[in-house]
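Scroll down for the structure; my scribbles are underneath it.
The values are calculated or read from the model by the stated rules, or taken from the named source; none is laboratory data. Predicted, not measured: the structure shown is a model, and the values here were computed from it. Cβ: placed from backbone, ideal geometry, glycine included. Neighbour counts: every protein chain shown. Heads up: the accessible areas ignore ligands, DNA and RNA and are worked out on the full protein's heavy atoms, side chains in. Shrake-Rupley method; radii C 1.70, N 1.55, O 1.52, S 1.80 Å.
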Amino acid sequence: MRLLMTRMAQEDFAFWRRKDSQLAWRITRLLRRLRDDEQLPPQQVSALPLRLQGLSAVRIDSEHRLVIERLRDCIVVHQCRFHY
């Protein structure tokens, strides 16, 4: 499955690579699992509220989430930092 990142997600990921390599590694691991279409633990993934319908949040740590959108043939990453 293809993995696409919005400009905001790319900037967020670049921030983590500069500031916290451990968290950047964790994000990379999550992105690979999504790309390879592996199942993530259900407690780690949650659907977002109605105004953001179609998007899901994947927990990176207690504060930060990966906001993704699953389309037919790709996954779009919208955000890699903060809480939606």
In the chain, which strands (runs of 3 or more DSSP E) lie fully inside it and hold 2 or more residues that are not small (G, A, S)?
2-5, 55-59, 65-70, 74-79
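Listed residues Q22, Q79, Q39, Q53; which is open to solvent by 90 Å² or more (accessible area, probe 1.4 Å) and either at pLDDT 90 or above or basic (K, R) (or both)?
Values: Q79 fails: open to solvent by 90 Å² or more (accessible area, probe 1.4 Å); Q39 fails: either at pLDDT 90 or above or basic (K, R) (or both); Q53 fails: either at pLDDT 90 or above or basic (K, R) (or both).
From the options Q22, Q79, Q39, Q53, the qualifying one is Q22.
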What number of residues within region 25-36 satisfy the criterion of being touching a residue at least 24 places away in the same chain (Cβ under 8 Å) and either of a type outside the set (A, V, I, L, M, F, W, C) or open to solvent by 70 Å² or more (accessible area, probe 1.4 Å) (or both)?
3
Which of the residues belonging to region 1-25 are in contact with a strand residue (DSSP E or B) (Cβ under 6 Å, 6 or more places away or on another chain) and polar (S, T, N, Q)?
T6
Note on region 56-76: residues exposed (fewer than 13 other Cβ atoms within 10 Å of the Cβ) and over 11 Å from M1 (Cβ atoms) are D61, S62, E63
